[in-house]
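The values are calculated or read from the model by the stated rules, or taken from the named source; none is laboratory data. All values reported here derive from a predicted model rather than from experimental measurement. A quick note on method: Cβ atoms are made from the backbone with ideal geometry, for glycine too, and the neighbour counts reach across all protein chains shown. Please note that ligands, DNA and RNA were not included when accessible areas were found on the heavy atoms of the full protein model with its side chains. Shrake-Rupley method; radii C 1.70, N 1.55, O 1.52, S 1.80 Å.
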Amino acid sequence: MRRLFEIWRRYRAGKLRWQEHEPWFQAVLYRVPGLARLTTGDKATLRQLVKEFLVDKKIFGAGGLEIDLGLKIKIATLACWPALHLGFGALAGFASVVVYPQGFRALRTRVDASTGLVIEYEQEMAGETSQHGPVVLSLQDIENGLAGFGRIGNVVIHEIAHKIDALGGAIDGVPPLHPNMSTAVFAHSLNTAFEALKLDVAYGTAQMDSYAAHSPPEFFAVASEYYFLAPEHLNAIYPGVFSQLDAFYRRAG
């Protein structure tokens, strides 16, 4: 059955009027240095993934936002980049993307350690995902990431990394690995760097976005952003993390 879905998805992708899409696709490649450096073969693979993404996923606007073709291509291209050497199956964990014009507020709960009371509060978000829900994004943060404002990072890559992580059955910072990879080694490498980052954040010496110190899943997602956007920097500060992500995402081929 899965094979039939794949054949049908590729058939529908082949029916797209791609001549209308290609200029927008090229514009995204031009804006992102890592994408611009892809080989001709990798660009062709990415193009095919984007086509399949567009026919497989629904992209909705929220808060009055209208979704045009350029925005669809932008989201699809960035979302498919982490799946470049993993295949479309890496994007199987969701069916839709919801885009807000700006950051959005999400209801959160926490337990007060001193009283045991459950406290509800709102948190400003640039993106959000869950194991079975849609990918939720802020257009403003997508654009800020592309422009290089604020930090090394991209909210689309971040949330897709969470979705890839979730394919293992939980969003825990360890995605389903390739057969030749060790779960113990992967987890140890990332957890060691995660603990080191927490200390660096406390002392004000962090060389990675401090948001990664929130939890192991957030560390995996932020490290994935660095892997695609600033691989040399990631390799310099956390070579063990870079090595494990390189083996997983297979950027080297």
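Annotation for segment 2-16: at least one member residue is farther than 18 Å from TYR249 by Cα, aliphatic (A, V, I, L, M) and surrounded by 12 or more Cβ atoms within 10 Å (Cβ to Cβ). You will find that of LYS58, LYS72, LYS51, the residue that is of a type in the set (Lys, Arg), more than 19 Å from ILE157 (Cβ to Cβ) and surrounded by 16 or more Cβ atoms within 10 Å (Cβ to Cβ) is LYS51 and no other.
Just one residue in the set GLY145, GLY150, GLY64, GLY116 is outside any strand (DSSP E or B), modelled with pLDDT of 85 or more and either open to solvent by 50 Å² or more (accessible area, probe 1.4 Å) or among the small types (Gly, Ala, Ser) (or both); that residue is GLY64.
The criterion of at least 1 residues that are among the aromatic types (Phe, Trp, Tyr) and in contact with a helix residue (DSSP H, G or I) (Cβ under 6 Å, 6 or more places away or on another chain) is met by the following helices (runs of 4 or more DSSP H) wholly inside segment 204-249: 216-229, 239-249.
A search for C-beta distances below 7 Å between a residue of segment 13-26 that is more than 19 Å from ALA79 (Cβ to Cβ) and any residue that is open to solvent by 40 Å² or more (accessible area, probe 1.4 Å) and in a helix (DSSP H, G or I), counting only pairs 6+ apart in sequence or on different chains, returns GLU20/LEU69. Within the option set LEU177, LEU197, being in contact (Cβ under 8 Å) with a residue 12 or more places away in the chain, aliphatic (A, V, I, L, M), part of a loop (DSSP other than H, G, I, E, B) and touching a helix residue (DSSP H, G or I) at 6+ places or on another chain (Cβ under 8 Å) holds for one residue only, LEU177.
Looking at GLU218, GLU225, just one residue is buried (at least 19 other Cβ atoms within 10 Å of the Cβ), out of contact with any Phe, Trp or Tyr (no Cβ under 7 Å at 6 or more places or on another chain), among the charged types (D, E, K, R) and on the phi < 0 side of the Ramachandran plot, and that residue is GLU225. Within segment 157-173, the set of residues being small (Gly, Ala, Ser) and either touching a Phe, Trp or Tyr at 6+ places or on another chain (Cβ under 8 Å) or farther than 16 Å from ALA184 by Cα (or both) comprises ALA161, ALA166, GLY169, ALA170, GLY173.
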